[in-house]
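Asks: Below is the structure I would like to discuss, written out as structure tokens.
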Amino acid sequence: HLAYAGHPLVGDGVYGRRSGGTHPALAGFPRQALHAASLGFVHPLRCGAMRFDADPPADFTGLLALLRRNDEMDAFKNPYSLLY
């Protein structure tokens, strides 16, 4: 659904972009860049709310840090990009 909307997932071998995007780190990411920080549901037997939280894995946070650093450099090169 995200690919159809023009926002393919990094690492999606079926619906994602084959080129890996504009940053080399995207092409080398070995899996889908998805992480559920929190999942919750009502237990079907106990009827109580259940919630599970998880920190993102190191490869995911590393990719985000790399991409954010790239965005900061782009903004530094073109300060007008911060206006849009």
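Asks: Compare the peptides 49-57, 62-70 by average per-residue count of other Cβ atoms within 10 angstrom and give them in order, highest first.
Replies: Details: 49-57: 10.1, 62-70: 13.6.
Highest mean packing first, the order is 62-70, 49-57.
Asks: When ranked by the protection proxy of mean other Cβ atoms within 10 Å per residue, highest first, what sequence do the peptides 6-13, 36-43 form?
Replies: With the highest mean Cβ count within 10 Å placed first, the list reads 6-13, 36-43.
Asks: Starting from 0.36 nm per residue, how many nanometres of slack lie between residue 69 and residue 35 once their C-alpha separation is accounted for?
Replies: Gain in length upon complete extension: 10.2 nm.
Since every read-out is calculated from the coordinates, none of them should be taken as a lab result. What you are looking at is a predicted structure, and each value in this text was computed from that prediction instead of being measured. Every residue, glycine as well, gets a Cβ built from its backbone with ideal geometry; the counts of neighbours run over all protein chains shown.
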